[in-house]
Amino acid sequence: MTNQAHNKQIISWALYDWANSAFATTVMAGLFPLFYKEYWHSGVSNVDISFRLGLSNSIASLFVALMAPVLGAIADQGSSKKKFLMFFAMMGILMTSLLFLVAQGGWLVASLLYIFALIGFSGGNIFYDALLVNVAGGRRVDIISGLGYALGYLGGGILFAINIWMISNPDFFGLRDASHAVRWSFLTVAIWWALFSIPVFIFVKEPVLRGQHKQRAIIRAGLQQLLSTLKSIASYKTVVLFLLAYWFYIDGVDTVVRMAVDYGLSLGLDSKKLLLALLLAQLVGFPSALAFGFLGQWIGPKKGIYIGLIFYIVVLIWAMGISSNREFYMLAIAIGLVQGGIQALSRSLYVRIIPQEKAGEFFGFYNIFGKFAAVLGPVLMGTVGLLSGDPRKGLMAIIFLFVIGGVFLYFVNYENSDNR
């Protein structure tokens with residue numbers, strides 16, 4: 001393969017992150033939680049709304065977590081990663097576009113569409129991550145993984161900025177009001193996601209395994225491969241240690257992402273300013289993820305992850321004392337500097353230690369730990385805040401997760417390991 005063709009594959013692969021990050025930013029983190037509370041509910045307590053939203057997230061995450069290894073193993077057998085990616089992407093795109101049609105007060109329909117959209121988003125990421133094995137080679141894996149996250153932050157941030165502009169100035173776009181603009185924002189996410197997904201399906205090549213069998217035989221072979229791996233998973237000591245480390249520290253990362261706005265609101269900060277802070281973190285994340293990719297190539301992904309974890313701990317200690325919108329902006333910038341970097345280097349380190357011929361299956365296991373992340377963090381953060389009567393002290397729980405994750409990571413000796 002020529003360098004030009006290979007580079008086209010790399011860019012096409014990374015553009016899928018640009019495509020689907022619009023859903024993560026505009027829908028998951030930004031507009032859906034606000035619209036779910038203010039438009040699709042009426043006469044319902046905030047506690048009940050939070051419960052319903054949390055339940056929707058949990059149902060989707062649990063489904064993907066349980067199915068991920070099975071789907072990944074089947075895709076490995078049939079060289080079908082792109083087919084599975086297309087199926088889940090189309091599901092997410094369709095469900096997101098249908099949110100445009102949900103009438104005011106229709107929280108149940110919105111919940112169901114959101115669940116299936118989340119399944120499409122998360123399920124697709126299993127096979128998108130697994131395709132990294134096909135497009136990356138050798139030490140370039142850190143840079144290529146970082147490029148994906150960087151384009152994701154940039155693409156998601158650009159559309160989110162446009163959506164905030166639409167909501168702030170609906171008249172300029174010929175829309176009735178802010179609510180109408182939010183509904184149109186969901187539609188723009190679906191269009192963006194669909195449009196920029198096209199290159200990965202056209203230009204990324206997936207090796208065809210010899211002796212392809214019928215679909216039923218492929219499924220059977222995939223299940224047999226999964227059972228074989230489950231029986232011998234303990235022998236993959238490096239992989240197991242990394243997944244334990246990843247589970248703890250990515251739980252901390254995801255908790256910061258999901259609870260940052262809630263933390264700001266609990267301190268009495270303005271909700272619009274919090275959305276702008278979220279946008280700021282996205283834009284900062286673009287160059288930072290790229291930088292971490294080069295850092296990982298230079299000093300190794302493990303050391304790069306440690307730099308991110310230490311930075312997170314220092315920032316969270318400082319965050320316990322913030323009290324103004326300006327300080328929250330500074331917090332958003334600080335988080336944006338390392339969030340994408342840790343995610344990118346975690347993915348590239350994992351690529352280095354897994355059996356390449358079982359990439360789909362092993363990224364299924366990776367996704368399990370990713371989906372069960374932000375389970376311990378919010379509970380611990382809320383419990384500490386409740387018992388102490390101070391939400392600031394709840395941040396100590398997240399610091400604890402980073403420390404435990406760092407301890408497990410210390411024993412991941414990927415450079416002198418055959419994955420077992």
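A few remarks follow.
- Any hit, segment 240-251, residues being closer than 24 Å to Ala344 by Cα, modelled with pLDDT under 70 and assigned to a helix (DSSP H, G or I): no
- Restricting attention to segment 287-346, the residues being within 25 Å of Tyr128 (Cβ to Cβ) and either basic (Lys, Arg) or not in a helix (DSSP H, G or I) (or both) number 2.
- Candidates are the residues of segment 11-30 that are more than 12 Å from Trp192 (Cβ to Cβ), of a type in the set (A, V, I, L, M, F, W, C) and at pLDDT 90 or above; the one that is nearest to the chain's Cα centre (by Cα) is Ala14.
- Once segment 295-322 is narrowed to residues that are under 20 Å from Phe242 (Cα atoms), at pLDDT below 90 and small (Gly, Ala, Ser), the residue that is farthest from the chain's Cα centre (by Cα) is Gly300.
- Tally of residues being assigned to a helix (DSSP H, G or I) and either open to solvent by 80 Å² or more (accessible area, probe 1.4 Å) or farther than 22 Å from Gly285 by Cβ (or both) across segment 167-176: 5
- Unique residue being of a type in the set (A, V, I, L, M), open to solvent by 10 Å² or more (accessible area, probe 1.4 Å), within 22 Å of Ala19 (Cβ to Cβ) and touching a residue at least 12 places away in the same chain (Cβ under 8 Å) when the list is Val70, Val133, Val64: Val133
- Boolean, Asp254 is modelled with pLDDT under 70, of a type in the set (Asp, Glu) and more than 21 Å from Val133 (Cα to Cα): no
- Test: residue in segment 151-165 that is open to solvent by 20 Å² or more (accessible area, probe 1.4 Å), within 30 Å of Gly308 (Cβ to Cβ), in contact (Cβ under 8 Å) with a residue 40 or more places away in the chain and under 18 Å from the mean Cα position of the chain (by Cα): yes
- Scanning segment 54-61 for any residue that is modelled with pLDDT under 75, surrounded by fewer than 16 Cβ atoms within 10 Å (Cβ to Cβ) and not in a helix (DSSP H, G or I) turns up nothing.
- Meets criteria (of a type in the set (Ser, Thr, Tyr) and at pLDDT 75 or above) for Thr229: no
- Restricting segment 130-187 to residues that are of a type in the set (Ser, Thr, Tyr) and out of contact with any Gly (no Cβ under 6 Å at 6 or more places or on another chain) leaves a set whose member that is nearest to Lys83 (Cα to Cα) is Ser145.
- Subset of segment 101-118 (residues that are over 15 Å from Met28 (Cα atoms), modelled with pLDDT of 90 or more and either open to solvent by less than 60 Å² (accessible area, probe 1.4 Å) or among the basic types (Lys, Arg) (or both)): Val102
The values are calculated or read from the model by the stated rules, or taken from the named source; none is laboratory data. Just so you know, these numbers come straight off a predicted model, no measurement behind them. Counting neighbours? That spans all protein chains shown, and the Cβs are built from the backbone with ideal geometry, glycine included. Side chains included, ligands, DNA and RNA excluded: accessible areas come from the protein's heavy atoms. Shrake-Rupley method; radii C 1.70, N 1.55, O 1.52, S 1.80 Å.
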